[in-house]
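Novice: Mind looking over this structure? Questions follow.
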Amino acid sequence: MCYEEPMPPGILADLDFSKWEEPEPTTDLRRCLEQWLRYQRHEFLRKLRDLTPEGLVQWSVPPLELSVLGLVRHMTQMEHVYLGWGLGGGERNLIYGDDDYAGGTVVTVDADLTAYLAETERADRAIAALRSLESPGAGHGRPLAATLLKMIDEYALHSGQAHMLRFAALGKIIR
């Protein structure tokens, strides 16, 4: 079983796993999209709660070579490609290459979470720098609105996967 109390030391113990309410409806589309992105990011990180580092890296649904940490690594790359680099420009750098889903070990948990959090901060700066939803990204050239929708969709998909992997790694359903 990959559940223990208290949470092991490290960045995992410092994450906010509290339940958030869905964003309030608004007619300001940009505000709405940004709020939903923040909410989806938070919900994604909540899937790490109750897991030990061993549980985070466990391929808990054979034959899939997929772990909750693998999804974190994948979302780090998605944050970079679509938001950090995609909107902000600069150097495109896939730190995990093609090994994002299957990669990661107990030893890399803190580094992988640190990379994810750094990329979300970079992404937030890139979003804030664009004047309107129609503004093109400096890296990929796609408009901000389409890019935010893409990332909300990515988080919805991968949060669901992380939820199931979490239950399998825990060996029980803990909501």
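The values are calculated or read from the model by the stated rules, or taken from the named source; none is laboratory data. If you're wondering where the values come from, they're calculated on a predicted model, not measured in any experiment. When we count neighbours, we look across all protein chains shown, and the Cβ atoms used for this are built from the backbone with ideal geometry, even at glycine.
Novice: Scan the stretch 37-58 for residues that are within 12 Å of the chain's Cα centre (by Cα), charged (D, E, K, R) and in a helix (DSSP H, G or I) and jot them down. Break it down stepwise before answering.
Specialist: Quick first cut of the stretch 37-58, residues within 12 Å of the chain's Cα centre (by Cα) only: 37-48.
Then keep just the ones that are charged (D, E, K, R); that gives 38, 41, 43, 46-47.
Across the stretch 37-58, the qualifying residues are ARG38, ARG41, GLU43, ARG46.
Novice: Which residue out of ASP124, ASP112 is out of contact with any Cys (no Cβ under 8 Å at 6 or more places or on another chain), closer than 20 Å to LEU12 by Cα and surrounded by 15 or more Cβ atoms within 10 Å (Cβ to Cβ)?
Specialist: Exactly one residue qualifies, and that residue is ASP112.
Novice: Pull out all pairs, ordered by first then second residue, where Cβ-Cβ is under 9 Å, the residues are six or more apart or on different chains, the first lies in the stretch 1-19 and is over 8 Å from THR52 (Cβ atoms) and modelled with pLDDT of 90 or more, and the second is in a helix (DSSP H, G or I) and of a type in the set (Lys, Arg).
Specialist: LEU15/ARG46; ASP16/ARG46; PHE17/ARG46; SER18/ARG46; LYS19/ARG46
Novice: Continuing with this model, one more query. Which of (1) touching a strand residue (DSSP E or B) at 6+ places or on another chain (Cβ under 9 Å); (2) among the basic types (Lys, Arg); (3) buried (at least 19 other Cβ atoms within 10 Å of the Cβ) is the odd one out, the single condition ARG142 does not satisfy?
Specialist: (3)
Novice: Would you tally the residues in the stretch 59-84 being polar (S, T, N, Q), under 17 Å from the mean Cα position of the chain (by Cα) and surrounded by fewer than 24 Cβ atoms within 10 Å (Cβ to Cβ)?
Specialist: 1
Novice: Filter the stretch 44-61 down to the residues that are within 14 Å of VAL72 (Cα to Cα) and among the β-branched types (Val, Ile, Thr) and list them by number.
Specialist: Scanning the stretch 44-61 gives a single hit, VAL57.
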